[in-house]
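Here is the structure we will look at.
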């Protein structure tokens, strides 16, 4: 009997300890959350000469060239033993700005941080913003927006993002978070220098500009311009340029994109410029050309799909009239299956906004120029090595005694676009999605 009571007592103590442990874990999670948002370094607890305990702030917020945007106030609260406690209250000034960003996309899994793989351009940018302590609080409070979300391997010299960043200006007022007006620029934090100092060499901030709080890098953009580079080889660029004019104007481009029927329901886009011209670079007997495409907005993979069809026209595999047929969605509601043009030569050239003038200091502009010159030299050195390998390969002796009978390559048979299998139409995709949603509801009811 005594053993049962002792056993019951131990069980009660165990349950009490388990409950207490859960409470402590919950409290620890709350404290960890508060600590992660804390901008002070640490507090140390020391005993004074009279044995009274006092908490002193031993390290001021590390400025990291952030100027005097932090204020520390001291409040004394009386304890039962007559001691006092110093509390740190931080006040920050913030301002809404746009950043112009350049990146060489070859090693990135796209721009957006939503990608399932790392690294992305956006994830590297966020790391730099946190390291320089230009942002604080949760990401939602940054009010972050971006002009475009380029795909894996695509580069940009004119991407634009907007968000709240820490400011050097002190704004009068008692609120813990203050906002700097647009017109204050002189003496502001050097955002370009601070970020470029910690960003990887294939990402650079080109300039910054104050923007109104209702600004959106995506929806305030008036136009976007892309460039696509290619080697002319045997392409008929005259036919390509002439055919590209059919794409200028407002059209339904559902047959020139990767359809996202869940989120996109309007496939009409307005192209204002389509231009194909020499770029001015040569290699052996070949010449580098570029395609300039400007429009108000673009669908997913639209540029690479349009370029792919133009390449077929340049090779003489398709007639320019195929563009008219593909643009007529009443006749062709299902996109023919074809491969997009490669991603690496594509560049988001500019994003145009009304009234935005990006700025940087003279020293920062010189630093950017020196950085890009260094990168150009580095890539030209790599090209020289491959050129030497090519020359060395051409000088190698050929041993015909070991040569087997030449293998004939199968000729690539081009299937006309209008004769190819097609993808589901927008209506079919929507209907299929609706059926799946209804089936999921039925399955859920059955499980209940």
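Among the residues of the range 230-249, are any farther than 21 Å from residue 318 by Cβ, outside any loop (DSSP other than H, G, I, E, B), touching a strand residue (DSSP E or B) at 6+ places or on another chain (Cβ under 9 Å) and in the same structural domain as residue 341 (by TED's automatic domain parsing)?
No, there is no match, as no residue in the range 230-249 is farther than 21 Å from residue 318 by Cβ, outside any loop (DSSP other than H, G, I, E, B), touching a strand residue (DSSP E or B) at 6+ places or on another chain (Cβ under 9 Å) and in the same structural domain as residue 341 (by TED's automatic domain parsing).
Condition check: modelled with pLDDT of 95 or more and out of contact with any strand residue (DSSP E or B) (no Cβ under 6 Å at 6 or more places or on another chain). Does residue 275 satisfy that?
no
Tell me which of these residue 356 doesn't satisfy, since it passes every other one: (1) closer than 27 Å to residue 239 by Cβ; (2) touching a strand residue (DSSP E or B) at 6+ places or on another chain (Cβ under 6 Å).
All conditions pass for residue 356, except number (1).
Where residues in the range 112-124 are modelled with pLDDT under 95 and in contact with a helix residue (DSSP H, G or I) (Cβ under 8 Å, 6 or more places away or on another chain), which of them is surrounded by the most Cβ atoms within 10 Å (Cβ to Cβ)?
113
Report yes if residue 309 is assigned to a helix (DSSP H, G or I) and out of contact with any helix residue (DSSP H, G or I) (no Cβ under 8 Å at 6 or more places or on another chain), otherwise no.
Criteria not met by residue 309.
From the list 358, 311, which residue is surrounded by 10 or more Cβ atoms within 10 Å (Cβ to Cβ) and within 28 Å of the chain's Cα centre (by Cα)?
358
Count, please, the residues in the range 361-371 that happen to be touching a residue at least 40 places away in the same chain (Cβ under 8 Å) and surrounded by fewer than 16 Cβ atoms within 10 Å (Cβ to Cβ).
The qualifying residues number 3.
Condition first: out of contact with any helix residue (DSSP H, G or I) (no Cβ under 8 Å at 6 or more places or on another chain), without any contact (Cβ under 8 Å) to a residue 60 or more places away in the chain and either crowded, with 17+ Cβ neighbours inside 10 Å or not in a strand (DSSP E or B) (or both). Can you find one or more residues in the range 251-262 that meet it?
There is at least one residue in the range 251-262 that is out of contact with any helix residue (DSSP H, G or I) (no Cβ under 8 Å at 6 or more places or on another chain), without any contact (Cβ under 8 Å) to a residue 60 or more places away in the chain and either crowded, with 17+ Cβ neighbours inside 10 Å or not in a strand (DSSP E or B) (or both).
Residues being crowded, with 20+ Cβ neighbours inside 10 Å and either in the same structural domain as residue 353 (by TED's automatic domain parsing) or assigned to a strand (DSSP E or B) (or both): count how many of those fall in the range 125-157.
Adding up the residues that qualify gives 3.
The values are calculated or read from the model by the stated rules, or taken from the named source; none is laboratory data. These numbers were taken from a predicted model, which means no experiment stands behind them. Every residue, glycine among them, receives a Cβ derived from its backbone with ideal geometry; neighbour counts consider all protein chains shown.
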